[in-house]
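The values are calculated or read from the model by the stated rules, or taken from the named source; none is laboratory data. Since the structure is predicted, the reported quantities are computational estimates derived from the model, not experimental observations. With ideal geometry, Cβ positions are generated from the backbone for all residues, glycine too; neighbour counts draw on all protein chains shown.
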Amino acid sequence: MSHRESAATRRARAAEHAAAEPEHDLGLERVIFFSDAVFAIAITLLALEIRLPAGAEMSSGADLLAALLGIWPRYLSYGISFLVIGMYWMSHHRMFRSIARYDGRLMFLNLLLLLCVGFIPFPTSIIGEYTGQVATVFYALTMIVTGLMTWALWWYASGAGGRLLARPLDARQLRNSRLRTLVAPLVFVISLGISFVNDDLARLSWLAIAPLLLVLHP
């Protein structure tokens, strides 16, 4: 009798688990959809910061051309931020292709990452309007925190033998994947030191992120 009861219990648990799978998959999809929406909105907001100076007199095409050329720092800040947000989205997308399960901690870490991503348009507007070390450091610090949150999200998901992954990674794959998430924040950390010498050079150093990630993400 006890054997039949234990077998029945196992079947009941299996049935309960099978019934819960669709709900779990839907929950993970909602996390991904919400995350994609935040990334998309953050990138869209970047373009809203590209504006001609208020009250500028442009009575001719030459005046308009001069005004358009005069806001080149905003183009640069837009391009850099678009690139960085895009790279963070690619990293997020790559992580969630491997993540098959989620829990409250993963959702909280993901929210903290999205908090940082949603904030990026503000420091982007700062470096587009102001030059100098303070604006450069403020932007770099924002990107460092965002990158570290990306690393923390993946570190948690892939930890404890890959508890939230569809399949565990071997030691080499795990080490390399975690190191890749640190590339962008490391570039921004280096730029902090460069900013004490030349803040324009520090901003240009951010462009190194793209080729580095392309090499490390075959």
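Checking each residue in region 164-218 for being over 29 Å from Tyr78 (Cβ atoms) and part of a loop (DSSP other than H, G, I, E, B) picks out Leu164, Ala166, Arg167, Pro168, Leu169, Asp170. How many residues are buried (at least 17 other Cβ atoms within 10 Å of the Cβ), farther than 18 Å from Ser81 by Cβ and in contact (Cβ under 8 Å) with a residue 40 or more places away in the chain if we restrict to region 170-218? Final tally of qualifying residues: 2. Whenever a residue of region 128-140 is more than 12 Å from Pro73 (Cβ to Cβ), its partners that are outside any helix (DSSP H, G or I) and not aliphatic (A, V, I, L, M), lying with C-beta atoms within less than 8 angstrom and at least six residues away or across chains, give the pairs Gln133/Phe196.
Kindly evaluate Arg105 against the criterion of being surrounded by fewer than 19 Cβ atoms within 10 Å (Cβ to Cβ) and part of a helix (DSSP H, G or I). So that I can check it myself, show each step before the final result.
Numbers: surrounded by fewer than 19 Cβ atoms within 10 Å (Cβ to Cβ): yes; part of a helix (DSSP H, G or I): yes.
Yes, satisfied.
If I filter region 4-20 for residues that are within 32 Å of the chain's Cα centre (by Cα), farther than 30 Å from Phe122 by Cβ and either modelled with pLDDT under 55 or not charged (D, E, K, R) (or both), do I get at least one hit? Yes, some residue in region 4-20 is within 32 Å of the chain's Cα centre (by Cα), farther than 30 Å from Phe122 by Cβ and either modelled with pLDDT under 55 or not charged (D, E, K, R) (or both). Looking across region 26-69, the residues that are part of a helix (DSSP H, G or I) and at pLDDT below 80 come down to Leu26, Gly61, Asp63, Ala67. Among the conditions (1) surrounded by 14 or more Cβ atoms within 10 Å (Cβ to Cβ); (2) over 16 Å from the mean Cα position of the chain (by Cα), Ala157 misses just one, which is (2).
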